[in-house]
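Asker: Before I ask anything, let me first share the structure, which is written out below as structure tokens.
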Amino acid sequence: MKILQAQSSPKLPFLISKAPKNGGLLLPRKSSLLLNSNPCVASQRHERFNWLLLNSSVSSSISTRAASVEANTSKITAGTGEKDVLKALSQIIDPDFGTDIVSCGFVKDLDINEESGEVSFRLELTTPACPVKDMFEKQANEVVAAVPWVRKVSVTMSAQPAKPVYAGELPMGLQAISNIIAVSSCKGGVGKSTVAVNLAYTLADMGARVGIFDADVYGPSLPTMVSPENRLLEMNPEKKTIIPTEYLGVKLVSFGFAGQGRAIMRGPMVSGVINQLLTTTEWGELDYLVIDMPPGTGDIQLTLCQVVPLTAAVIVTTPQKLAFIDVAKGVRMFSKLKVPCVAVVENMCHFDADGKRYYPFGRGSGSQVVQQFGIPHLFDLPIRPTLSASGDSGVPEVAADPQGDVSKIFQELGVCVVQQCAKIRQQVSTAVSYDKSIKAIRVKVPDSDEEFLLHPATVRRNDRSAKSVDEWTGEQTLQYTDVLEDIEPEDIRPMGNYAVSITWPDGFSQIAPYDQLQTLERLIDVPQPTPV
């Protein structure tokens, strides 16, 4: 399809140039609304070490400041109280976003009593499973208490309500789920279900509201791995929806709980069953829905990825080369569907005996996935009889032995998933926005440091839907003059990790993939708005 070339407008002082592949002519400007949250390439332990260093420096500055101020020697002046408190809180940096908690919008319900010197506020985090929420609470108390006129500090911790970052007509059951995580291997027998179940219960132990969806209709694992009191799914006759069962506070849905056992049916029927189970379930408000993906890269997997706006994927493999070959197919599938893979779990890696560590199946499959596909985090699970036994007993290992070595590995994996999901949501929600001051669309594609500007009319004229392009010939039916030069979008919302939905004044909703936006003509030398 031929892309229409936008013309310069006499009304807008823009210089328009085709996008250079190397960015040689483009002068991108950073938006103050965008957070610099580049994906971390270090290991989880390195992340924690950096965070401890950060915390140590902040705590040190707090202690020094507090020691230099004598209690009750200063009094609050009119209008400076809120400024003092926010300035103090801006010392606390969110390690995921690299920005202070005030700029992140975490500080809510700030209340100051000038006469008594009492300060109260609420820190609203992105997820109740935030791994540093206790540290935030401690630091908030310390920095505000160090303000000279403050005598009492009251900090309340909360989390944002569960809601998807994606736009579009999502099924009712999925409209209150913040993050949907796929656990995939594309090869059977590598322990994918074990990882999915234990990850879900780890996230629940961190304080999140969690659900598990067993997407394997041919051989569902969930009924064996957990033991809910009610082992049959119930129907809501009025709403015609499915009520999930629960175990230890985690909501569960599996074809195995439908009273059918294992299915014998063709692929298209299986896709329909999975779609019905997933989208008609009353999940309610969830922070994380973990999907135990079936093996392979066929119709079932593609249906799940298309029906559900996946936030991220966790890849499970084993040390054998054969496992790597199949896992690589799955990673490529997620890459094409714009689903970021945030971690690799290498299961059955090693065991310890006689003071030595043995690798019975060889080494390197997980590391090879990390190196070849740039997935930043690798977690090794040992060969443990208890881990296997817990999968057969109906009690997940992290619930049976929460202080064990295996549980500690899953806690690190849980922290990684929470942090990466927060980054992805932030990148997606701020990827495309409209700047009314310069009448241009700002684009900063996730996982890219480049920001560029597009003319709204150029974006609208290059719509690729059936309303603008002849489906048979591929010719553009939307004429250049059909779109006003000064057209402005009414709303821009993300759709998954791959596109945005743009609503125009005539009511038309345009789906604009990031890949397409990167091919359009860009604006350069855009004059910045003059301050009033």
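The values are calculated or read from the model by the stated rules, or taken from the named source; none is laboratory data. These numbers were taken from a predicted model, which means no experiment stands behind them. Counting neighbours? That spans all protein chains shown, and the Cβs are built from the backbone with ideal geometry, glycine included. Each accessible area value is taken on the protein alone, full model and side chains, heavy atoms only, with ligands, DNA and RNA left out. Shrake-Rupley method; radii C 1.70, N 1.55, O 1.52, S 1.80 Å.
Asker: Taking Asp405, is it open to solvent by 60 Å² or more (accessible area, probe 1.4 Å), out of contact with any Pro (no Cβ under 8 Å at 6 or more places or on another chain) and farther than 27 Å from Lys163 by Cβ? Outline the logic, then answer.
Answerer: On the way: open to solvent by 60 Å² or more (accessible area, probe 1.4 Å): yes; out of contact with any Pro (no Cβ under 8 Å at 6 or more places or on another chain): no; farther than 27 Å from Lys163 by Cβ: yes.
Against the criterion (open to solvent by 60 Å² or more (accessible area, probe 1.4 Å), out of contact with any Pro (no Cβ under 8 Å at 6 or more places or on another chain) and farther than 27 Å from Lys163 by Cβ), Asp405 does not qualify.
Asker: Among the residues of the stretch 380-395, which ones are among the small types (Gly, Ala, Ser) and modelled with pLDDT of 85 or more?
Answerer: Across the stretch 380-395, the qualifying residue is only Gly394.
Asker: Something else about it: Which of the residues that make up the stretch 464-491 are in contact with a Phe, Trp or Tyr (Cβ under 8 Å, 6 or more places away or on another chain) and among the charged types (D, E, K, R)? Quick ask: steps written out before the conclusion?
Answerer: Here is the first cut: in the stretch 464-491, the ones in contact with a Phe, Trp or Tyr (Cβ under 8 Å, 6 or more places away or on another chain) are 467, 487-490.
Selection gives Lys467, Glu488, Glu490.
Asker: Can you tell me which residue among Gly189, Gly173 is surrounded by fewer than 24 Cβ atoms within 10 Å (Cβ to Cβ) and over 22 Å from Asn497 (Cβ atoms)? Lay out the reasoning, then the answer.
Answerer: On the way: Gly173 fails: over 22 Å from Asn497 (Cβ atoms).
Testing whether each residue is surrounded by fewer than 24 Cβ atoms within 10 Å (Cβ to Cβ) and over 22 Å from Asn497 (Cβ atoms) leaves just Gly189.
Asker: Ok, one more. Here are Thr245, Thr194, Thr202: which of them is buried (at least 18 other Cβ atoms within 10 Å of the Cβ), more than 30 Å from Gln320 (Cβ to Cβ) and modelled with pLDDT of 85 or more?
Answerer: Numbers: Thr194 fails: more than 30 Å from Gln320 (Cβ to Cβ); Thr202 fails: more than 30 Å from Gln320 (Cβ to Cβ).
Sole residue among the options that is buried (at least 18 other Cβ atoms within 10 Å of the Cβ), more than 30 Å from Gln320 (Cβ to Cβ) and modelled with pLDDT of 85 or more: Thr245.
Asker: Being in contact (Cβ under 8 Å) with a residue 24 or more places away in the chain, at positive phi and touching a strand residue (DSSP E or B) at 6+ places or on another chain (Cβ under 7 Å) is true for just one of Gly211, Gly259, Gly191, Gly207. Which residue is that?
Answerer: Details: Gly211 fails: at positive phi; Gly259 fails: touching a strand residue (DSSP E or B) at 6+ places or on another chain (Cβ under 7 Å); Gly207 fails: touching a strand residue (DSSP E or B) at 6+ places or on another chain (Cβ under 7 Å).
Criteria check complete, one pass: Gly191.
Asker: Among what's in the stretch 388-447 and is of a type in the set (D, E, K, R) and in a helix (DSSP H, G or I), pick the residue that is nearest to Arg231 (Cα to Cα). Before the answer, list the steps.
Answerer: First pass over the stretch 388-447, keeping only residues of a type in the set (D, E, K, R): 392, 397, 401, 405, 408, 412, 423, 425, 435-436, 439, 442, 444, 447.
Next, only the ones that are in a helix (DSSP H, G or I) stay: 392, 397, 405, 408, 412, 423, 425.
Details: Asp392: 16, Glu397: 20, Asp405: 30, Lys408: 29, Glu412: 31, Lys423: 36, Arg425: 34 Å.
Looking at the filtered set, the residue picked out is Asp392.
Asker: Name the pairs: first residue in the stretch 278-307 and within 14 Å of Phe334 (Cβ to Cβ) and of a type outside the set (Asp, Glu), second residue modelled with pLDDT of 75 or more and assigned to a helix (DSSP H, G or I), Cβ to Cβ under 7 Å, at least 6 apart or on different chains?
Answerer: Ile291/Leu304; Met293/Gln301; Met293/Leu304; Thr297/Lys329; Thr297/Gly330; Thr297/Met333; Gln301/Met333; Leu304/Ile274
Asker: When the residues of the stretch 96-116 are filtered to those that are modelled with pLDDT of 90 or more and outside any loop (DSSP other than H, G, I, E, B), which remaining residue is nearest to Met135 (Cα to Cα)?
Answerer: Val107
Asker: Let me ask another. Filter the stretch 497-520 down to the residues that are buried (at least 18 other Cβ atoms within 10 Å of the Cβ), in a loop (DSSP other than H, G, I, E, B) and either in contact with a strand residue (DSSP E or B) (Cβ under 6 Å, 6 or more places away or on another chain) or free of Cβ contacts under 8 Å to residues at least 24 places away in the same chain (or both) and list them by number.
Answerer: Within the stretch 497-520, Tyr498, Leu520 qualify.
Asker: Quick check on the stretch 272-317: of everything there that is open to solvent by 10 Å² or more (accessible area, probe 1.4 Å) and among the hydroxyl-bearing types (Ser, Thr, Tyr), which residue is modelled with the lowest pLDDT?
Answerer: Here the answer is Thr297.
Asker: Of these, Ile502, Ile492, Ile424, which one is aliphatic (A, V, I, L, M) and over 30 Å from Pro128 (Cα atoms)?
Answerer: Values: Ile492 fails: over 30 Å from Pro128 (Cα atoms); Ile424 fails: over 30 Å from Pro128 (Cα atoms).
After ruling out the rest, the residue left standing is Ile502.
Asker: What's the number of the condition Tyr166 fails, among (1) surrounded by fewer than 20 Cβ atoms within 10 Å (Cβ to Cβ); (2) at pLDDT below 90?
Answerer: Status for Tyr166: all satisfied but (1).
Asker: Moving on to the next point. In a helix (DSSP H, G or I) and open to solvent by less than 20 Å² (accessible area, probe 1.4 Å) - does that describe any residue in the stretch 338-353? Talk me through it step by step, then tell me what you get.
Answerer: Our first condition is that a residue be in a helix (DSSP H, G or I); within the stretch 338-353, this holds for none.
For the stretch 338-353, residues in a helix (DSSP H, G or I) and open to solvent by less than 20 Å² (accessible area, probe 1.4 Å): absent.
Asker: Looking for something open to solvent by less than 60 Å² (accessible area, probe 1.4 Å), farther than 30 Å from Pro228 by Cβ and at pLDDT 85 or above - is there at least one such residue anywhere in the stretch 367-379?
Answerer: Yes, the conditions are met somewhere in the stretch 367-379.
Okay, residues lined up against (1) over 30 Å from Val316 (Cα atoms); (2) touching a Phe, Trp or Tyr at 6+ places or on another chain (Cβ under 7 Å); (3) of a type in the set (Val, Ile, Thr):
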position: Phe121; (1), (2), (3): yes, no, no
position: Glu124; (1), (2), (3): yes, yes, no
position: Cys130; (1), (2), (3): no, no, no
position: Gly189; (1), (2), (3): no, no, no
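Asker: Oh, and also: Can you name every residue in the stretch 470-496 that is open to solvent by 60 Å² or more (accessible area, probe 1.4 Å) and either in a loop (DSSP other than H, G, I, E, B) or of a type outside the set (Lys, Arg) (or both)?
Answerer: First, pick out the residues of the stretch 470-496 that are open to solvent by 60 Å² or more (accessible area, probe 1.4 Å): 471-473, 475, 477, 479, 481-482, 484, 486, 490, 493.
Passing the criteria: Glu471, Trp472, Thr473, Glu475, Thr477, Gln479, Thr481, Asp482, Leu484, Asp486, Glu490.
Asker: Let me spell it out: the conditions are (1) part of a loop (DSSP other than H, G, I, E, B); (2) more than 21 Å from Pro171 (Cα to Cα); (3) within 18 Å of the chain's Cα centre (by Cα), and Val314 meets all of them except one. Which number is the exception?
Answerer: Val314 satisfies every listed condition except (1).
Asker: Kindly provide the set of residues from the stretch 217-231 that are of a type outside the set (Gly, Ala, Ser), open to solvent by 30 Å² or more (accessible area, probe 1.4 Å) and in contact (Cβ under 8 Å) with a residue 60 or more places away in the chain, ordered by number.
Answerer: Kept after step one, since they are of a type outside the set (Gly, Ala, Ser), are these residues of the stretch 217-231: 217-218, 220, 222-226, 228-231.
Add one more test, that the residue is open to solvent by 30 Å² or more (accessible area, probe 1.4 Å), and what stays is 218, 224, 229-231.
Tyr218, Thr224 - these are the residues of the stretch 217-231 that are of a type outside the set (Gly, Ala, Ser), open to solvent by 30 Å² or more (accessible area, probe 1.4 Å) and in contact (Cβ under 8 Å) with a residue 60 or more places away in the chain.
Asker: A further question on this structure: Could we say that Arg464 is surrounded by 15 or more Cβ atoms within 10 Å (Cβ to Cβ), in contact with an Asp or Glu (Cβ under 6 Å, 6 or more places away or on another chain) and not in a helix (DSSP H, G or I) here?
Answerer: Numbers: surrounded by 15 or more Cβ atoms within 10 Å (Cβ to Cβ): yes; in contact with an Asp or Glu (Cβ under 6 Å, 6 or more places away or on another chain): no; not in a helix (DSSP H, G or I): yes.
Here the answer is no, as Arg464 does not meet what is asked.
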